[in-house]
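Step one of this worksheet: look at the structure below.
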């Protein structure tokens with residue numbers, strides 16, 4: 001009986017974790033300065049959700065959260081990224097890169113350089129994709145990024161490639 005109760009509790013917890021409701025995001029305006037703190041917190045919540053759950057293209061919550069993070073990022077950073085040079089034109093990887101970049105940008109506001117933010121974001125994508133349960137292919141480009149990161153050369157390569165000019 002005790003095991004059954006524990007099983008039920010775990011099932012209910014997993015349903016709650018995967019059934020995130022982001023309907024309130026439609027009420028937030030990322031351009032409204034009076035909502036700046038609220039939108040920043042919402043963007044961080046979305047990032048945490050997106051990096052914490054398994055990748056599923058059909059997940060409506062994932063789609064809503066990803067769009068919100070990208071809107072927030074476009075409004076609050078002035079980035080000219082060419083990161084597709086490293087990741088290829090894989091939309092899923094580009095989305096994950098944006099999510100990790102936003103998460104590190106919010107967490108470390110002004111304390112990291114653009115190159116450090118990019119390196120952290122790329123390392124986050126590598127980490128996320130290396131987990132086979134996330135069902136994103138660990139591409140050749142990601143293997144190269146992982147090797148550069150392990151050698152401590154990722155930031156230098158990013159700097160040499162001039163992937164981003166600035167962040168506001």
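Would you mind calculating the gained length between residue 137 and residue 85 on full extension (0.36 nm times residue separation, minus the Cα-Cα distance), in nm to one decimal? Let's see the in-between values first.
Values: separation 52, 0.36 × 52 = 18.72 nm, distance 1.73 nm.
Fully extending the segment from residue 137 to residue 85 adds 17.0 nm.
Using Cβ contacts closer than 10 Å as the measure, can you line up 83, 69 from fewest to most?
Values: 83 21, 69 28.
Ranked by crowding around the Cβ, least crowded first: 83, 69.
Please order 105, 68 by the number of other Cβ within 10 Å, starting at the fewest. Let's see the in-between values first.
Details: 105 26, 68 23.
Final ranking by Cβ density, sparse to dense: 68, 105.
When the chain is fully extended, how far beyond the present Cα-Cα distance does residue 53 get from residue 151, taking 0.36 nm per residue of separation?
Details: separation 98, 0.36 × 98 = 35.28 nm, distance 2.88 nm.
Difference between extended and current length: 32.4 nm.
Could you give the C-alpha radius of gyration of the range 39-161 expressed as a fraction of 2.2 N^0.38 Å, taking N as the number of residues it contains? Don't skip to the end; give the middle numbers.
Values: Rg = 13.6 Å, N = 123, 2.2 N^0.38 = 13.7 Å.
The reported ratio for this selection is 1.00.
Describe numerically, in nm with one decimal, the distance between label points set 7 Å from Cα along Cα→Cβ at residue 74 and at residue 108.
2.6
Using the count of nearby Cβ atoms within 10 Å as a rough guide to exposure, how do 62, 115 rank from fewest to most? Don't skip to the answer; put the middle values down first.
Numbers: 62 21, 115 17.
Fewest to most other Cβ atoms nearby, the residues stand as 115, 62.
How much FRET efficiency would the formula 1/(1 + (r/R0)^6) give for residue 127 and residue 26, where r is the Cβ-Cβ distance and R0 is 35 Å, rounded to 0.05? Don't skip to the end; give the middle numbers.
Details: r = 31 Å, r/R0 = 0.87.
That pair, residue 127 with residue 26, gives E of 0.70.
So how far, in whole Å, is the C-alpha centre of the range 130-162 from the one of the range 85-101?
Their Cα centres are 11 Å away from one another.
Read the figures in this text as sums done on the coordinates, not as results from a lab. All values reported here derive from a predicted model rather than from experimental measurement. Methodologically, a virtual Cβ is constructed for each residue, glycine included, from the backbone with ideal geometry; neighbour enumeration extends over all protein chains shown.
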